[in-house]
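Colleague: Attaching a single structure in structure tokens format; questions to follow.
The values are calculated or read from the model by the stated rules, or taken from the named source; none is laboratory data. Remember, it's a predicted structure, so these values are computed and weren't measured experimentally. Here the Cβ is made from the backbone with ideal geometry for all residues, glycine too, and neighbour counts use every protein chain on show.
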Amino acid sequence: MNADLEMLYEKMVLIRLFEETLLKLFSLGHLRGTVHTCIGQEACAVGIVSALDSKRDTLCSNHRGHGHFLAFTDNTDGLLKEILGLKSGICGGKGGSQHLHVNNFYSNGILGGMVPIATGIALSQKLAEENGISVVFVGDGAMSEGVIYESLNMAALWKLPLLLVIEHNQIAQSTPWNLEHGSAIEGRPVAFGIPTETIDGNDVQTIYAATKKTVDDMRKNAHSRCLLLKTYRLGPHSKGDDYRSTTEISSHQMNDPLKRAETVLPEKVVMGIKTLCQTRINQMLESFSLI
Amino acid sequence: MGMIIKMPLLNINDESATLVRWLHSDGARVSQNEPICVVETTKSAVDICAEIDGFLRQLAPVGSTYITGYAIGFIASSIDELVPNFEHIEPYSNNIVESTSPKWTKKAQILANRLGVDLIALAAAHPGVLIGEELVKSVAPSIESESLRAVNLTAVTHLPITHANDTHQERVLILGGSGGAALVLDILSDVLTQQAIGILDNNPKLFNTTLMGVPVIGGFDLAIQLWQEKKFDTLISTVVKDIADRVSIFERFTQIGIPFTNIIAANANVRRDCRMGTGNLIVHGSYIATGVTLGNNNFLAAGTYIEHHSIIGSHCTFGPRTSLSGRVKVADRVKFGTHVAVEPFIEIGTESVIASGVVLTSHIPSYSIVKNASNSVIRHAR
Amino acid sequence: MSTYLQNLQNGLFELFSNNSRVILLGEDVLDPYGGAFKVTAGLSTQFPNRVLTTPISEAGITGVAIGLALRGYIPIVEIMFGDFLTLCADQIINHATKFPNMYRDVTCPLIMRSPMGGGRGYGPTHSQSLEKMFLGIPELKLIAPSHYHQPGQTIQHIATQEINPVIFIEHKLLYRETLQLNSEALPLILKTDETGYQTAILRNYDVGIPDVCLIGYGGISRFLPELLKKLAAEEIRIIALLPESIDPVPIEMLAHFAAEAGRIVIAEESTEGFTWASGIASQLYENLWGKLHCPIKMVTSARCAIPTAIQQEADVLISSLNIENAILEVISWA
Ligand SMILES: Cc1ncc(C[n+]2csc(CCOP(=O)(O)OP(=O)(O)O)c2C)c(N)n1
Ligand SMILES: [Mg+2]
């Protein structure tokens, strides 16, 4: 179990350090446009993605997708180059932070828009009979997009191997979830006949375990599932655009998924992993002459 | 309550069907679900059945095509029930009104308009024939006017820098004693090669008067005697009011071999490579650009501008400041008012009259009177 | 002699027989109904696993098709009425066309099929020609065969040659028309143009140069047999050009033939204002500057909702008479 946690923790640390670096590079004027970091939500990305088989499973992601991408591909270099706008980036610099693709990973900047596409990919997986699963990440805010409900209906109707992951960080850009939703989100996939499990989105081990179980089940009996992860965005929406009170944010600091993993892991292991990841990031930055 | 029988929608891709035949006569008793008529689309023929018991009233004749929903019949529930009033769906029409037997093709009509051909006259001359584009083209006024072909054109250049030598002065007799004569005299006072020796006018009151020192010596007839007496070398006509007069005067004397001259004001600018006949009076400040052809007996008032390669026939009069752009074609006996403007390539037919201030943007057929200041079509309604 | 509809049906049959990666999705496409306009009639019986009837979720099924396209399938989506393509716009514009552009090594061979056009009394929301809303989108092609083309061949060409999204437009009134491929009345040349698709070239005369070049596409073709005959009787020589690829448009070919006439009419059923025609006209002005005898005349439907009632609808939609008047107008220019 601890071996799993070490592996999960290392991925979370890498994502955290990578994104903190992005914010720094942004401040220094190296990045254009915008970046949405998943600081505080790393457990969602890592817990879900680590339970997938990147060969046959596919992942559709959203605007806040660095964590998903790194957990799925471990390609820090390709991602940084892309965000820096280099020709050698994974999308040649055209995509930037929100539009990423390698192999089975696809992200796009239109909220909810990838859900029908993930549904179509699930259909292709069903037709191909290789037991692949199509996973799609959405935020709580995106859950107001109509096309998602069209997709859930089709996924349920055709018994497609679609796994909808809702990262419920209780906010959409600046608007708290209770100003956007008239009912609990978790009830909605259920209404379409899609079993939905609500999980502590900051406990990486629980997420990982639940995903494994869900995915195994989906491979055995093709049908759609939903996991709703209750989490909290510790960072800004993108950069310098956070109007929540510091008291509110700091009240969630203790629930930081990294800190929660650290309480379980031996300190030596934690330090080792942190040093390892920091070295990796530093080497990456050096290779770009950014430090 | 009876029931209207409507043309049904038989096929999604057909919006209408043909009523092939009635299976019962008008007024016949029919019962529910009994076939009452046959209708047909491109794909299939179908029986329409009565929806109620009753008496058939045929509302539409067979053989025609009706749009879906069209009331083709009525089933009255009792023998004396009237067909109710209802709003018929109007069959589509795009209101094309065709004249029964066209005398000309549309192309012929458009070309006739463009080339100034009188289609009505042409059709009258060719009864029973559909006038086509070829026939219109064949009779289109040759813009190189008939008379221009007969004109003996000589190259004339009258650049303002030219200084004539004064060894021999041409003696000019002026026809017409009013304002035009004064213009000629004024022009000749600057021209060393020509000299006015007298004025003829048919108004006896002017006899023995003088104009700028030149005497009015008699009527037009006197010219013949003076010519025989070798008292002058050439004529110039200042008659401009009535073009027909101007034409007859010119023709009368040229036919008996009395030549006309060209009078060109010293400050008129006739550029290189221009050709003209005789009898042309070109007043001060006019500009005849290179390549222009001018027939006989034209009167160009002060400041007439004729741009390059325009072709002017004979007996035309131009009011002051009239401007023709490049490659304009003017037939014979055309009268321009003051300050007419003509766009490039425009063609103006014989004996047309263009009122002062008109801006010509389209071709003008022969015998037209153009009066409105702007004859151009600003926008075509769709 | 087959109709436009039969040709399209046959084309889909051949396509499904020859390529097992082709999948069709749409509302009410199963037999015995076979689609609102019967284009898929028989297809689901023959290929039950590859013809999917879908919920009424135009955006959703477009997205599903995009997902299939990303994973190696060739999806054809039938949108019951072209008017509903507005619901698919986000998936087409922000997803399908973006992927091949911004992602590396990704193709998205999505085919969106849809009937457009009025004349059937379907009213304001079922009669429009909305293709102009999708013009000029990078990586998106719009193909609209006329009944001088072979829509069944064209859709096979798209499925086998195109790697990126295509909107395939079928005018509702063409379905029942007999294809005019060997029409003796009007000599027809089908030329493969610079877009790789075919432009139908019709002339209503044997000798001489044309008076007017008429450019149109899709459903406009239904006016031509009658109109060109009528104008021929009036000695008006028309060269009509009907490209089936309306974006990209074979501008070089159009300019080449239009130059001959020097007078151009562009006809289109969409409503007036910011039309396909205006785009073509601006390119033709550039190509033919100095060679035109008069301004290019554009004919469209009126700028208003398309009524249901037959006469009202006819008054609003482009008609043969509108085109004829435009032709006479451009010839009348000196
Ligand atoms: C269709 C669409 N509408 C609006 C936006 C702008 N936008 C980007 S992120 C965001 C908030 C999304 O909230 P949520 O789905 O909860 O995801 P989170 O940012 O919380 O991860 C908004 C409104 C967008 N990208 N796409
Ligand atoms: Mg959120």
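Colleague: Looking only at the stretch A:60-108, which residues are under 24 Å from C:Gly63 (Cα atoms), of a type in the set (D, E, K, R) and away from ligand 1 (no atom under 16 Å from the Cβ)?
Modeller: Once the filter is applied, which keeps residues that are under 24 Å from C:Gly63 (Cα atoms), of a type in the set (D, E, K, R) and away from ligand 1 (no atom under 16 Å from the Cβ), the stretch A:60-108 yields only A:Lys94.
Colleague: Additional query: Do we find a residue being more than 13 Å from chain C (Cβ to nearest Cβ) and either under 23 Å from A:Leu234 (Cα atoms) or within 16 Å of ligand 1 (Cβ to nearest atom) (or both) anywhere in the stretch A:144-155?
Modeller: Checked the stretch A:144-155: at least one residue is more than 13 Å from chain C (Cβ to nearest Cβ) and either under 23 Å from A:Leu234 (Cα atoms) or within 16 Å of ligand 1 (Cβ to nearest atom) (or both).
Colleague: Just checking, which of B:Gly179, B:Gly213, B:Gly219, B:Gly198 is closer than 19 Å to B:Asn298 by Cβ and of a type outside the set (Phe, Trp, Tyr)? Explain how you work it out, then say what you get.
Modeller: Working: B:Gly213 fails: closer than 19 Å to B:Asn298 by Cβ; B:Gly219 fails: closer than 19 Å to B:Asn298 by Cβ; B:Gly198 fails: closer than 19 Å to B:Asn298 by Cβ.
Criteria check complete, one pass: B:Gly179.
Colleague: Still on this structure, I have one more. When only residues in the stretch A:27-38 that are among the hydrophobic types (A, V, I, L, M, F, W, C) and either in contact with a helix residue (DSSP H, G or I) (Cβ under 9 Å, 6 or more places away or on another chain) or under 18 Å from A:His99 (Cα atoms) (or both) count, which is surrounded by the most Cβ atoms within 10 Å (Cβ to Cβ)?
Modeller: Selected residue: A:Cys38.
Colleague: Is it the case that the stretch C:178-200 has a residue that's buried (at least 18 other Cβ atoms within 10 Å of the Cβ) and β-branched (Val, Ile, Thr)?
Modeller: yes
Residue-wise test of (1) farther than 25 Å from A:Glu248 by Cα; (2) not acidic (Asp, Glu).
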| position | (1), (2) |
| --- | --- |
| A:Ile15 | no, yes |
| A:Glu20 | no, no |
| A:Gly33 | yes, yes |
| A:Ile39 | no, yes |
| A:Glu42 | no, no |
| A:Ile48 | yes, yes |
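Colleague: Here's something else I'd like to know. Does the stretch A:170-186 include one or more residues that are surrounded by fewer than 17 Cβ atoms within 10 Å (Cβ to Cβ), more than 16 Å from ligand 2 (Cβ to nearest atom), free of Cβ contacts under 8 Å to residues at least 60 places away in the same chain and within 14 Å of chain C (Cβ to nearest Cβ)?
Modeller: Scanning the stretch A:170-186 turns up no residue that is surrounded by fewer than 17 Cβ atoms within 10 Å (Cβ to Cβ), more than 16 Å from ligand 2 (Cβ to nearest atom), free of Cβ contacts under 8 Å to residues at least 60 places away in the same chain and within 14 Å of chain C (Cβ to nearest Cβ).
Colleague: Right, another one. For A:Tyr208, all conditions in the list (1) surrounded by 13 or more Cβ atoms within 10 Å (Cβ to Cβ); (2) assigned to a loop (DSSP other than H, G, I, E, B); (3) away from ligand 2 (no atom under 16 Å from the Cβ) hold save one; what is the number of the exception?
Modeller: (2)
Colleague: Quick one: in the stretch A:158-204, of everything that is of a type in the set (Gly, Ala, Ser) and within 10 Å of ligand 1 (Cβ to nearest atom), which residue is farthest from the chain's Cα centre (by Cα)?
Modeller: The selected residue is A:Ser174.
Colleague: Kindly indicate whether C:Thr107 is more than 30 Å from C:Leu186 (Cα to Cα), touching a helix residue (DSSP H, G or I) at 6+ places or on another chain (Cβ under 8 Å), of a type in the set (S, T, N, Q) and within 14 Å of chain A (Cβ to nearest Cβ).
Modeller: yes
Colleague: In the stretch A:258-279, is there at least one residue being more than 21 Å from A:Glu6 (Cβ to Cβ) and either within 16 Å of ligand 2 (Cβ to nearest atom) or among the polar types (S, T, N, Q) (or both)?
Modeller: Within the stretch A:258-279, none of the residues are more than 21 Å from A:Glu6 (Cβ to Cβ) and either within 16 Å of ligand 2 (Cβ to nearest atom) or among the polar types (S, T, N, Q) (or both).
Colleague: Hey, another quick one. Go through the stretch C:304-327 and report how many residues are outside any loop (DSSP other than H, G, I, E, B), under 30 Å from C:Glu260 (Cα atoms) and touching a residue at least 60 places away in the same chain (Cβ under 8 Å).
Modeller: Filtering the stretch C:304-327 down to residues outside any loop (DSSP other than H, G, I, E, B) leaves C:310-316, C:320-327.
So of that shortlist, the ones also under 30 Å from C:Glu260 (Cα atoms) come out as C:320-327.
Now narrow it down to the ones that are touching a residue at least 60 places away in the same chain (Cβ under 8 Å): C:320, C:323-324, C:326-327.
Within the stretch C:304-327, residues that are outside any loop (DSSP other than H, G, I, E, B), under 30 Å from C:Glu260 (Cα atoms) and touching a residue at least 60 places away in the same chain (Cβ under 8 Å) number 5.
Colleague: Just to be sure I understand, how many residues within the stretch A:129-157 are within 16 Å of ligand 2 (Cβ to nearest atom) and more than 15 Å from the chain's Cα centre (by Cα)?
Modeller: Result for the stretch A:129-157: 4.
Colleague: So A:Lys11 passes all but one of these: (1) closer than 23 Å to A:Leu163 by Cα; (2) in contact with a strand residue (DSSP E or B) (Cβ under 9 Å, 6 or more places away or on another chain); (3) not aromatic (Phe, Trp, Tyr). Which condition number does it fail?
Modeller: If we test A:Lys11 against (1) closer than 23 Å to A:Leu163 by Cα; (2) in contact with a strand residue (DSSP E or B) (Cβ under 9 Å, 6 or more places away or on another chain); (3) not aromatic (Phe, Trp, Tyr), just (2) comes out false.
Colleague: Here's a follow-up. From the set of residues in the stretch B:89-123 that are within 14 Å of chain C (Cβ to nearest Cβ) and loosely packed, with under 10 Cβ neighbours inside 10 Å, which is modelled with the highest pLDDT?
Modeller: Going through the qualifying residues, I end up with B:Ser101.
Colleague: Consider the stretch A:263-291. How many of its residues are within 22 Å of A:Asn75 (Cα to Cα), among the hydrophobic types (A, V, I, L, M, F, W, C) and outside any helix (DSSP H, G or I)?
Modeller: The total comes to 3.
Colleague: Using the structure shown, decide if A:Lys212 is touching a Pro at 6+ places or on another chain (Cβ under 8 Å), among the basic types (Lys, Arg) and either more than 16 Å from ligand 1 (Cβ to nearest atom) or more than 11 Å from chain C (Cβ to nearest Cβ) (or both). Talk me through it step by step, then tell me what you get.
Modeller: Values: touching a Pro at 6+ places or on another chain (Cβ under 8 Å): no; among the basic types (Lys, Arg): yes; either more than 16 Å from ligand 1 (Cβ to nearest atom) or more than 11 Å from chain C (Cβ to nearest Cβ) (or both): yes.
No.
Colleague: Mind listing whichever residues of the stretch C:33-66 are free of Cβ contacts under 8 Å to residues at least 40 places away in the same chain, surrounded by 20 or more Cβ atoms within 10 Å (Cβ to Cβ) and β-branched (Val, Ile, Thr)?
Modeller: C:Thr40, C:Val51, C:Thr54, C:Ile61, C:Val64
Colleague: Okay, next question. In this structure, is C:Leu142 within 14 Å of another protein chain (Cβ to nearest Cβ) and either on the phi > 0 side of the Ramachandran plot or modelled with pLDDT of 95 or more (or both)?
Modeller: For C:Leu142, the condition - within 14 Å of another protein chain (Cβ to nearest Cβ) and either on the phi > 0 side of the Ramachandran plot or modelled with pLDDT of 95 or more (or both) - is not met.
Colleague: Please give the number of the condition A:Val165 fails out of (1) assigned to a loop (DSSP other than H, G, I, E, B); (2) within 16 Å of ligand 2 (Cβ to nearest atom).
Modeller: (1)
Colleague: Please go through the stretch C:301-311 and give me each residue that is surrounded by 15 or more Cβ atoms within 10 Å (Cβ to Cβ) and more than 10 Å from chain B (Cβ to nearest Cβ), ordered by number.
Modeller: Correct list: C:Ser301, C:Ile306, C:Pro307, C:Thr308.
Colleague: Just wondering, is there one or more residues in the stretch C:160-170 that are within 14 Å of chain B (Cβ to nearest Cβ) and under 28 Å from C:Arg120 (Cα atoms)?
Modeller: At the first step, the residues of the stretch C:160-170 found to be within 14 Å of chain B (Cβ to nearest Cβ) are C:170.
Still in the running and under 28 Å from C:Arg120 (Cα atoms): C:170.
Within the stretch C:160-170, one or more residues are within 14 Å of chain B (Cβ to nearest Cβ) and under 28 Å from C:Arg120 (Cα atoms).
Colleague: Here's another thing I want to ask about it. Are there helices (runs of 4 or more DSSP H) fully within the stretch A:42-155 with at least 1 residues that are within 21 Å of C:Ala89 (Cβ to Cβ)? List them.
Modeller: Fully inside the stretch A:42-155 and qualifying: A:114-128.
Colleague: Same structure again: Could you list, in sequence order, the residues of the stretch A:131-151 that are surrounded by fewer than 24 Cβ atoms within 10 Å (Cβ to Cβ) and within 14 Å of C:Val64 (Cα to Cα)?
Modeller: If the condition is that a residue be surrounded by fewer than 24 Cβ atoms within 10 Å (Cβ to Cβ) and within 14 Å of C:Val64 (Cα to Cα), then A:Tyr149 is the only one that fits.
Colleague: A follow-up question, please. Would you tally the residues in the stretch B:328-351 being part of a strand (DSSP E or B), over 13 Å from B:Gly116 (Cβ atoms) and charged (D, E, K, R)? Don't jump to the end; show me each part of the working.
Modeller: Our first condition is that a residue be part of a strand (DSSP E or B); within the stretch B:328-351, this holds for B:329-330, B:335-336, B:341-342, B:347-348.
From what is left, the residues that are over 13 Å from B:Gly116 (Cβ atoms) are B:335-336, B:341-342.
Right, trim to charged (D, E, K, R) and you get B:335.
Total meeting the criteria: 1.
Colleague: Any residue at all in the stretch A:115-136 that's more than 10 Å from chain C (Cβ to nearest Cβ), among the acidic types (Asp, Glu) and away from ligand 1 (no atom under 13 Å from the Cβ)?
Modeller: Yes, the stretch A:115-136 has at least one match.
Colleague: Still on this structure, I have one more. Suppose the filter is more than 14 Å from chain C (Cβ to nearest Cβ), in a loop (DSSP other than H, G, I, E, B) and either β-branched (Val, Ile, Thr) or crowded, with 17+ Cβ neighbours inside 10 Å (or both); does B:Asn372 pass it? Let's see the steps before the verdict.
Modeller: Details: more than 14 Å from chain C (Cβ to nearest Cβ): yes; in a loop (DSSP other than H, G, I, E, B): yes; either β-branched (Val, Ile, Thr) or crowded, with 17+ Cβ neighbours inside 10 Å (or both): no.
Criteria not met by B:Asn372.
Colleague: Ok, one more. Would you mind stating whether C:Leu202 is assigned by TED's automatic domain parsing to the domain that holds C:Cys294, within 22 Å of C:Ser2 (Cα to Cα) and out of contact with any Lys or Arg (no Cβ under 9 Å at 6 or more places or on another chain)? Step through it out loud before you land on a result.
Modeller: Values: assigned by TED's automatic domain parsing to the domain that holds C:Cys294: yes; within 22 Å of C:Ser2 (Cα to Cα): yes; out of contact with any Lys or Arg (no Cβ under 9 Å at 6 or more places or on another chain): yes.
Taking the combined requirement at face value, the residue satisfies it.
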